[in-house]
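The values are calculated or read from the model by the stated rules, or taken from the named source; none is laboratory data. Source: prediction; values computed, not measured. Cβ: placed from backbone, ideal geometry, glycine included. Neighbour counts: every protein chain shown. Only protein heavy atoms, including side chains, enter the accessible area calculation; ligands, DNA and RNA are left aside. Shrake-Rupley method; radii C 1.70, N 1.55, O 1.52, S 1.80 Å.
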Amino acid sequence: QYVARFNVTTNKVAATYKFKPSGNYYTYIDAIVVDNGGLWVSGSLGSACMNECPGFAQTMRMDVASKKTTLDLLDRVLIGAGPGYVWVQSWFGVSKKANHLYKLASSTGNDLLRIPVADAGAQFACGSIWTVNLNNFGKASFSTGFQRLDPASGKVIASFTEPGEVGNLQEIGDQCWASALAGSTDQFGHFDRIGDSGIEFRSPVVQGPMILGGTFWAVQGNQVSDGDVDTTLESMQRVDPATWLPAGDTWTYTGPGPKFAAGGSIWAASPANTQLYRLSIPLIPIGS
């Protein structure tokens, strides 16, 4: 596996970074962070993990300029980055007793802070570190539990639970937002605004809620068949935060749902998942 850096003006690859983990080869690259001259990559061996699975996950740091590997952390999962530091989590399958969040200096990888946490995922967003746990996932009724931690001390600032499945938290202006789905197969959901101690606001119902490029979207996918091949046809429309209704142009393309926003564009995978599509959808929020 490798990471490619490409120019968003020319769409050409500018550099490639090949990682050679000690003792293993990645099946998947799960997360990427670039901070303070370092490229951090987290990889895993796929889904065939039973029991504790030591060596299943790994995080590495490579110098962007020289492409030299400067850090190799076995059984660590990359979470995110703040100014001058990177968060990783111990691989939960190794030992529940050893499950910690680690705050590392992004230039050296030195430990700055260790926080013991429960058997849960984590993310860094909106100026805080969050532990996230899906409760009773797959059942008719489940919820997402959050703990908000102070990134300086690791102290728990707030705990709260939201019904259904909550997506990654994202900062829009000076506010923290997330999309939420009512169930694992129910594409109707809403947008949550998260405050210091819990959910401050829930939008009315939106089909396929998604946040991309600081804009709220309603995304819908349909299977289209020509008799031989089934293809996903995606449609996207902005959601006006004044009314929480879809408004403006409806954008349609062939392929899976959008993956991320970068370089002023929305990106999606090709139908065969062998290419990235750069979609000609302007990232101009309604009202701007």
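Do you know which residues across the stretch 28-38 are in a strand (DSSP E or B) and either buried (at least 16 other Cβ atoms within 10 Å of the Cβ) or at pLDDT 90 or above (or both)? Hits for the stretch 28-38 are 31, 32, 33, 34, 35, 38. The single condition from (1) closer than 26 Å to residue 103 by Cβ; (2) modelled with pLDDT of 90 or more; (3) open to solvent by less than 80 Å² (accessible area, probe 1.4 Å) that residue 201 fails is (1).
The sole residue among 260, 191 that is in a strand (DSSP E or B) and more than 28 Å from residue 5 (Cβ to Cβ) is 191.
Report whether or not residue 195 is closer than 26 Å to residue 127 by Cα and either modelled with pLDDT of 90 or more or open to solvent by less than 70 Å² (accessible area, probe 1.4 Å) (or both).
Taking the combined requirement at face value, the residue satisfies it.
A single member of 140, 158, 152, 118 is at pLDDT 85 or above, more than 22 Å from residue 43 (Cβ to Cβ) and outside any strand (DSSP E or B), and it is 152. Considering the conditions (1) within 21 Å of the chain's Cα centre (by Cα); (2) surrounded by fewer than 13 Cβ atoms within 10 Å (Cβ to Cβ); (3) under 17 Å from residue 126 (Cβ atoms), residue 260 is excluded by exactly one of them, (3).
Would you please name the residue that is farthest from residue 250 (Cα to Cα), looking only at residues in the stretch 169-183 that are surrounded by fewer than 14 Cβ atoms within 10 Å (Cβ to Cβ) and touching a strand residue (DSSP E or B) at 6+ places or on another chain (Cβ under 7 Å)? Break it down stepwise before answering.
Kept after step one, since they are surrounded by fewer than 14 Cβ atoms within 10 Å (Cβ to Cβ), are these residues of the stretch 169-183: 171, 173-175.
Going one step further and asking which of them are touching a strand residue (DSSP E or B) at 6+ places or on another chain (Cβ under 7 Å), we end up with 171, 175.
On the way: 171: 25, 175: 26 Å.
Here the answer is 175.
Just one of the numbered conditions (1) modelled with pLDDT under 90; (2) touching a Ser or Thr at 6+ places or on another chain (Cβ under 7 Å); (3) surrounded by 13 or more Cβ atoms within 10 Å (Cβ to Cβ); (4) not hydroxyl-bearing (Ser, Thr, Tyr) is not true of residue 98: (3).
Of the residues making up the stretch 66-95, those that are of a type outside the set (A, V, I, L, M), at pLDDT 85 or above and open to solvent by 30 Å² or more (accessible area, probe 1.4 Å) are 66, 67, 68, 69, 70, 72, 76, 84, 85.
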